[in-house]
Structures are given as structure tokens and as C-alpha cells.
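Data block below; observations after.
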Amino acid sequence: MTTVIENGFPLIWVNQLARFETWNKHNYRPSNYIHKWWARRPGTVFRAILLGIFGNDSLQELYYRGARLNKVVYDPFMGAGTTIIEANRLGCKAIGVDINPIAWFIAKKALERVDISALDQAYMKLSSTVGSDIRRLYKTCCPICGRECDAKFYLWVKIAECPRCGTTIRLYNDHLIRSDLKGDTVVCPHCYSVFVTQHGARAKCPACGVEFDPRERFVKKGRFACPNCHKTARVRDIVRRRGAPLDQVISCVVLECPVHGLQLKQPDKYDLSLYEVVKNEFEQSRNELLIPTQSIPAGLKTDDLLRMGYRYWYQLFNERQLVSLSKLLKAILELEEPLTEFMLIAFSGSLEFNNMLCSYKGVDVRRPGAVRHIFSHHAFVHTLEPLENNLWGSEKDSGTFPHIYKYRVRRAKLYCGRPEERVIMDGKVVERKVIPGERIEGIISSSFQDLISGKANTLLLCQDSRLVELPPASVDAVVTDPPYFDNIQYSELSNFFYVWLRIALKDKYAEFKPELILTKDEIVKNPRAGKGSEFFQRGLTEVFKKCRSFLKDNGVLVFTFHHRDEEAWFTIFKSIIDSGYYVSATYPVYSEMAISVHIKGQEAVKYDTIVVCRKRDGRAPAPLNWSLLIETILEYVNEMVKVLGKGGIKLTLSDIKNLAYAKLLELYTKHYPHVRRNGDQVSFEATLRYLKDLIERGVISEEASQA
């Protein structure tokens, strides 16, 4: 039986839903974004997928009316639980599996119920005790009236010694701090005074008289010239000789005076002496602090840290951050369950914004309070000008613990009790509609029998999906978002959170017993770990085969995928064929804002592909002429470029390629292995390369490309 997702799926409307969600994910669907996870796909899309599998032709009406589907949905790569959350909300029995303990823990806390009033009381207790203790570590004084205030954040700068003359050099990228209506706030490269000067003009320091261009780059492509002897040097070479991270100093303090408002100033004796006090506290109590002690392992992404001299995870934090985070963690562990674990999620979320790989957000516009967190890219990006946030700053400022608690954890749990959707008409949100009878409330077990008997509605497992055992034909649909080939090294990145959460959870959950997340069996392409395309394809095939045995004969496997590399698409094709499926439908769906930092300015892919698969039944498929295949794909791509372009988004060349590769995946698997030219079979790989060449030579019509 054909489903709505295979015939009649409302593509344009689903893309509109996805665009609104990706623009402001935390506000749109708080339950799905309770904690950082990488490349999380829009919940709106997965809600539409589930209703497209099990619903009827009036999918849009059903989307806003809600449904109690009473189906069993399985996700073998659940990540932070998007499929499981959406399935739970629609009344499904959901089974989620992930090899990563951070993903498992995030999904668990996103689904579990908590008493909001009790959670608020726990937060207020923390605020009045450890919050007060932490706030004293982030005090400063207004440069105008001398009033004691809370610092919003501190801007630091790395320092290096000239390898020729020994001069200590501050490694500023440039000397502009902020530009607003008052002018340009700059830092003097000679005496380090912070002052305001005219927009776009050369600056003259009022303290020492030095003239300079604040916008002129000092460190260029990792190289700088000593201002004393003019010797040029590479930052990386200096780090290698040191065998340790570069030292750093406070360059600017940003504060909010209750009388004089926002102020930026050079650190004074009060600021510097306060930091010395915290450093002494760190040294004296180091053995009692709850901080991670694990070494940073070698890896495709972690090698970037090792090259910059970092050897231990705690080195990504300064002394004030380590003291403050330890105090907070100790206080959280004194709370009662289940409140402890929800506060741990807030604590872990705040790590993302309270480390010394954070930076000042904005290149053209410097916005106080806006912290570029450590994972703005899917990597560990070293910065020469770190931003130290105020861990217990205002709840209005990004990345503070009060902000993370209120706007991530608390908002997420409120949403679970009263989920809503945006009603979209003519590309605009016209209403926020609460869906009657829907809740996100996981009664979680690790037993399939509990799921079937009704004792639980959610089964969450932290293990390798290749080893999962479920009864044959027990699942109505498999809906997942598998690893993106080599795009994201989930375990390497999530160890950043794991080493902290392990302190609290290692004695409670076996999943947190190991010193670090075990990466050996993670299904990704990672040449640094000896995992090539074959490893990824073999692992994905094994999981898809397992899914096939769990899936009912009339069930579907649906997953989302995109990649710039045609090798990744060939790998997906091989996994589909080798595990006994064919693709019955594909759809492009918006997944990534063009302004996202990790894709901005690149020839990146903004559209995912929804891939719908069915089991092969053993019957020989009809043959397909290769020339007709190519013609059909090009017509489809031209039409899709026009249709999607009407939404105001210019497709990149990579987007267009993905449209073609996805349609090829669908048509080729339907007719495999009988795709022929002049009687001879033409391989999927050869056809993929042919399509790539056609598209790069501009086969897409001029009209479609300009739509």
C-alpha cells in the first residue's frame, strides 16, 4: 500500500515548516533542543514524515489536529532523540538506540517528565547559595562611577614571545573591539588602553599618543611580525616549541553599570587582583575540585587541540571557570533526584558557552552578550582572542547558567506539557496552535516486553545498533537520521561534555563508566581512526539489515541524508542495495540556514533528502533505459530548482547536485540491476559521475538557476 510520504507529500509546505524552525530552533521546538547535539534535523520534518507514513491524504490538517498513532517506531541512530520525541508526541511506542552516551542521556532528559515547580525551587536554591558564591568571582567596577558591578564577560588575548628578541606580543587579530553609534571601541597595540574613536578612522591613543589603524590585521593566516624587531613567526611553531598552550591575559572587561549602562574598559587593578585571588583558590583546592582529569585523545578533530598545545580537557578552561564549574557541579550533586539530572543537563549546556575556545560573536557587528560558543563549527576551533563568559551572569545573556536553565531546560519541559505548532499560510506564521491531547512524556524502559505490555512507551538503549535484538516484524516504521559519512565525528566532539558528566554519572549508569566515549565501533568515516568508506558502508549495511528483520513487510525505512561528496552517495546506494531495499520516493527538505557559521560563505548543502525505502520482494524489476534515466533526472532537477527557488532561497551547486544524486538513488534502486545502455549495464557510480559533470557544465536551465 502506497503511503502519503510516497505519493502526495506536501513538499513546499514541509519546506516552509523547516525554514521557520531552522531560523530559531530553541524557540520553535524547545523540547528538541534541550542540549547541544550536532546536525540535528528539524522536528517539524520528522513530525511530517511520521504522519506521512501513518496518516491520510489530509496531512496538513492532521498535522495541526494531532493524532494517536499507536504504532511502533524504531530509530537506530537516534542522536539526541528527534524521531523519538516526535513519535512519543504522536502516541507511538518508540525505540531509540545510540552508541553515544551523551546522545542517550540528552534524549532521556528530553523525554522524561519533571515537576516544574520543584525544578524552579531547586534552581532558586542553587541561585541563593552557589550562585552567590560564583557571582563574587565575576565582579568589576564601573570606570565612570567606581560602582561595583557584575562583569558580563572578559575578552582575553593570547600572548607569545618573539623567537628573536624575546618581546612579549599580544596576538590580536585586529584592534577593533566594538562598533556602535558612539563610534569604534578599540584597544591600543602599545599601552593596551581601551577607548572610543571615530568610525572607520585611524585612532590616536589618548594615553600614549600612538596612532594606528584598528582594522588592520595583525595576525594573518596564523603568522605575525614582532613590532620590535619585525621578525615574522607562525603561532603554531611557537606553540610547538613551548609544548603547551599559549599564555593569555585579560584585554577588555565588558560590564553593565546600573547607572551608566554598558561599559567596555581596560582591566584595572581590581580586575587583575580578583583573578589572582581566584588563581590562588584554584591552586590551593585543586585536589578537591570536581574537574575532569582525562587526557585529550588523538583524533581527526581532537588533533586540532593537540596541535595548539592542549593535552588535558581541563586546559580548555581557565582557573576561574574551573573553580566556578566545580562549585556548581558540587551543589547540583547535593540536590534530590530527579532534579539533579535536569540540572546536570543545564550544567552541561553551560559548558558550551563557558570555556576558553569561545569567542566574541560578530565580525562586522560586535554584540555584547553574544557569545560564539565552542561548537559554532563541527570542530574544535582555536581562537587567539577568547571570551570568558560570566557563568552566573544575567539570565538575559547568552550562555550563562541562569539563561541555559530558563531558556533551554525549563522552556523545554514546559513545551513537553503543552506542545504547539506554527500555522503557516502564504509563507507566514499566522497562528501558534496548541495541539489538543498531545504531550511529550516518555515512560522509559530498556525492555521490549515492557513496551509491548504497556508498562512503558519508550525504549532507549545506549549500544551499537548492529547488536540490537528485537522480535522479527515487530516494528511498523524505521525513521532515522544516520551519521553523515565523514562530516561529523560525534564521539570526538561529545567527549567535551562527557568528561564533565562522567564525574556525576559514572557510579549511576554503566554507560558513563569508561574514562572516555569509546569510538572504535562508531559508524563514521574517520581516516585518522583507520575507518574508510568501506567501514562506514559495512556498518550502515549491517544496521539496515537489522532494521529489515525488525520491520513488518508493509513497513518503510525513512532516513534523511545529504553530502557534497559523491563517494558518500555511492556508499548510501551500496548500503540500500546490500541490505535488501529499494528507494520508493525522495524529497528535498530544507535543513540548514545559509547564515549558519559552519556553512556560511561555502558552497554548502542547505537541503537534506528524505529517502523512503521499502523491502525488495525478490521479483525482478523492470529494465530502464539509461538515457531515459538521465533525461528524467535532469527534468526533475530543473523543476525542483524552480519550485524551491520560489521560496526565495538560491540553491548552491552542491544543492543541485544533491537533488540529482537523490533522484538517481530512487530510480536506480527501483530498477537495479537492469539500468542499461545499448544492452549493457551502466553502474550507479559511473552515472553519478556523469551527472556531476553535466551539472558542473551548466546543464540546469538558465531560467531554473535564476528562479
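Where a number appears in this text, it was derived from the coordinates with a stated rule and is not lab data. Given the structure is predicted, the values throughout are model-derived calculations rather than measurements. FYI the Cβ positions are ideal-geometry reconstructions off the backbone, even for glycines, and counts take in every protein chain you see.
Here are a few things to note about the model shown:
- When you filter the trypsin sites (Lys or Arg not before Pro) in segment 56-107 for DSSP loop state and at most 16 other Cβ atoms inside 10 Å of their Cβ, you are left with 68.
- Pairs exceeding a 28 Å alpha-carbon distance, out of 204/361; 182/606; 606/663; 552/606; 93/330; 108/433: 182/606; 552/606; 93/330.
- With kT/(6 pi eta Rh) evaluated at 10 °C and eta = 1.306 mPa s, and Rh the Kirkwood radius from Cα pairs, segment 618-707 diffuses with a coefficient of 116 µm²/s according to Stokes-Einstein.
- On the principal axes of its alpha carbon atoms, segment 284-343 extends 41, 29, 15 Å, with the longest extent given first.
- Remark on segment 1-109: ratio of C-alpha radius of gyration to 2.2 N^0.38 Å is 1.05.
- Taking a straight line from the alpha carbon of residue 650, these aspartates and glutamates sit under 12 Å away, with near neighbours fewer than eight places off in the same chain left out: 603.
- A straight chain from residue 418 to residue 249 at 0.36 nm per residue would run longer than the Cα-Cα distance by 56.1 nm.
- Residue 396-residue 167 FRET efficiency (beta carbon distance; Förster radius 35 Å; 0.05 resolution): 0.25
- The chain - charge dipole about Cα centre, Lys and Arg +1 at Cβ, Asp and Glu -1, debye rounded to 20: 820 debye
- Extent of the chain along its three principal axes (Cα atoms, max minus min coordinate, largest first): 83, 59, 50 Å.
- Summarising the strand pairing of the chain, around 75 percent of its internal DSSP beta bridges are antiparallel.
- Cα convex hull of segment 469-600, projected area averaged across orientations, nm²: 10.5 nm²
- Shape call, segment 247-347: gyration tensor on alpha carbons, a/c limit 1.5: oblate
- In a DSSP loop and with at most 14 other Cβ atoms within 10 Å, there are no trypsin sites (Lys or Arg not before Pro) in segment 541-584.
- Whole-Å distance, taken between Cα centres, linking segment 408-429 and segment 212-240: 48 Å
- Just so you know, the Cα atoms of segment 136-256 work out to an Rg and Dmax of 15.9, 45 Å.
- Between segment 549-593 and segment 9-28, the Cα center-to-center distance that results, in Å: 21 Å
- Positive dipole terminus of segment 618-707, leading residue within 665, 618, 691 (C-beta point charges): 618
- For segment 306-364, GluC sites (Glu not before Pro) meeting the loop criterion (DSSP other than H, G, I, E, B) and having at most 15 other Cβ atoms within 10 Å: 334, 336.
- Cβ-placed point charges (K, R +1; D, E -1), dipole of segment 618-707 about Cα centre in debye, nearest 20: 220 debye
- Looking at segment 45-97, the pairs of alpha carbons with a distance over 15 Å make up 38% of the total.
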